[in-house]
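Novice: Quick one: this structure, given as C-alpha cells, is what I'll be asking you about.
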Amino acid sequence: MNLTDKQKELALDMFNDDPNIINITKKVFEDQSLDGRSKEGRAVSKFLAENGLRAQTTKRPKSDDVTLSEEQVEKILEMEGEGFNTSQIADVLFNKEVKRLSNEWRAVNDILGQDREVPVNEPSAAYAPPQAISRIIKKINDSTGYGLEETKMSRNQHTCCDKLRINLSNSRFVAIVNNYINFRDKELFEQEFVRLTWDKPDLTPDELNLYMNVCKEIINLELITSHLQKLNDMFESADDQDEMSIRLAEIIKAKSSEYHQCETRIENLTKKLQGDRGARLANKQKESASFLSIVQLFQEEEERKNMVRIAEMQKEVIREEAQRLEGMAAWKARVLGIGIEDVL
C-alpha cells in the first residue's frame, strides 16, 4: 500500500508533534480502529523509515529476567516431587498469582524442564510382567494378605492366577505402569490392580479397562492427599503473611474440590463395575439354573417312564402267573374242594 502525497505530508507534520505510529495512522487514514500492525500502519512506518524517521510504538519494554536463588530452586524441585504444576509452584514461590508465560512462570518452567538424575528409588527400567506362578502368588499375597500356597491351591485359584498372569501382560496395563515416573506410584498401581481383579477371572476386556481407570484414580487420590498435606503445612507456616495465606487458601480449596471429584469418579466406576458384573453373573446363574431345571425335569420324566415300565412289567408277570395257575386242574379242584375220592 502506498500513501498519497497528502497522506505523506500529513504523516510528516504529525510526526514532529507526536511520533506515535498508532496516532499517526489513525489521523492519516481517518480511521480510529487502525493500529501500527495494520497494513495502513505498516505503510506509514515504511514511509517514515524511508525518510530516516523512526516512529514510536506502544510495545512494553522487556521485563527483567528472573534470577532464582538456590533455595528457590530447591523449593521448586521439592514441590515438583509433590506433584505441583508450574503455575501452582510459581504462585506459591512468588507469593502472588503468576500469569502463564510471564518471566516468573518461565523461570520456574525452565527449572522443571532441566534434565536431572533419576533417584535411586525410581528405576527407569520398563515394567516386566511376572510369568512364574511363584511370582504371581507373591504379588497376590503382598497386595491382599491372602496367604496363598502353591501346593495347597484349589483348581479355581490356579485358574485365577493364570488369568492374572495374562492381565498383567495386557498392553494398556504395561503402558500405564511405565507412564508413572515415581516408583511408589508404579508399585501402588500394580498392587491395587492385583487386589481388585485377581479373584475375578471372568472379567471382560471392557471391565479390565474400567478397573485400570479405578487404579489410576486411586493413584490420583493419594497424590492429591499428599498435596493437601503439603499445602496445609505451608499454610500453617504462613500465618504472618496475609497474601501468601490467601493464595494458599485458594489452592487448598481447589485441591479439596479435586479430591472430592476424584472420590466421586472412583465411586461411580466401582458401582458400574459391580452392577455390570453382578448382572452378568446373575444372568449366567439364571441360565445355569434353567439348564439344571431342564436336566432335572428330564431326569424326572425318565424316572416316571421307568416306574411305568416297571409297573407294566409287574402286570405282565402277574398275568403270566395267573394264566399258569388257570391251567392247573388239580389246583382248581382243590380250591373247589373236590378230591379224587369225591369223583370216584
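Novice: Scan the stretch 175-224 for residues that are assigned to a helix (DSSP H, G or I), open to solvent by 30 Å² or more (accessible area, probe 1.4 Å), of a type in the set (A, V, I, L, M, F, W, C) and over 18 Å from residue 270 (Cβ atoms) and jot them down.
Specialist: 175, 183, 223
Novice: Just to be sure I understand the filter: pairs with C-beta atoms under 8 Å, separated by 6 or more residues or on different chains, first member in the stretch 225-237 and farther than 18 Å from residue 261 by Cβ and without any contact (Cβ under 8 Å) to a residue 60 or more places away in the chain, second member basic (Lys, Arg) and exposed (fewer than 12 other Cβ atoms within 10 Å of the Cβ). Which pairs pass?
Specialist: So the pair list comes out empty.
Novice: Which one is farthest from the chain's Cα centre (by Cα) among residues in the stretch 263-278 that are open to solvent by less than 50 Å² (accessible area, probe 1.4 Å) and either at pLDDT below 75 or under 19 Å from residue 88 (Cα atoms) (or both)?
Specialist: 278
Novice: Say we look at the stretch 48-71 and pick out the residues that are at pLDDT 70 or above and surrounded by 16 or more Cβ atoms within 10 Å (Cβ to Cβ); which of these is farthest from residue 185 (Cα to Cα)?
Specialist: Going through the qualifying residues, I end up with 48.
Novice: Got a sec? Which of 235, 298 is surrounded by 10 or more Cβ atoms within 10 Å (Cβ to Cβ), aromatic (Phe, Trp, Tyr) and either modelled with pLDDT under 75 or farther than 23 Å from residue 85 by Cβ (or both)?
Specialist: Working: 235 fails: either modelled with pLDDT under 75 or farther than 23 Å from residue 85 by Cβ (or both).
From the options 235, 298, the qualifying one is 298.
Novice: So, in the stretch 147-174, of the ones that are among the hydroxyl-bearing types (Ser, Thr, Tyr) and more than 23 Å from residue 210 (Cβ to Cβ), which residue ends up least open to solvent (accessible area, probe 1.4 Å)?
Specialist: 154
Novice: Name the pairs whose Cβ atoms lie under 9 Å apart, with the first residue in the stretch 171-192 and closer than 22 Å to residue 206 by Cβ and at pLDDT 90 or above, the second open to solvent by 50 Å² or more (accessible area, probe 1.4 Å) and among the polar types (S, T, N, Q), and 6 or more positions between them or separate chains?
Specialist: Once the first residue is closer than 22 Å to residue 206 by Cβ and at pLDDT 90 or above and sits in the stretch 171-192, its partners that are open to solvent by 50 Å² or more (accessible area, probe 1.4 Å) and among the polar types (S, T, N, Q) give 172/209.
The values are calculated or read from the model by the stated rules, or taken from the named source; none is laboratory data. The shown structure was predicted, so the numbers you read here are calculated from the model rather than taken from an experiment. In this analysis, Cβ positions are derived from the backbone assuming ideal geometry, glycine residues included, and neighbour counts consider all displayed protein chains. The area values use the complete protein model at the heavy-atom level, side chains included, leaving out ligands, DNA and RNA. Shrake-Rupley method; radii C 1.70, N 1.55, O 1.52, S 1.80 Å.
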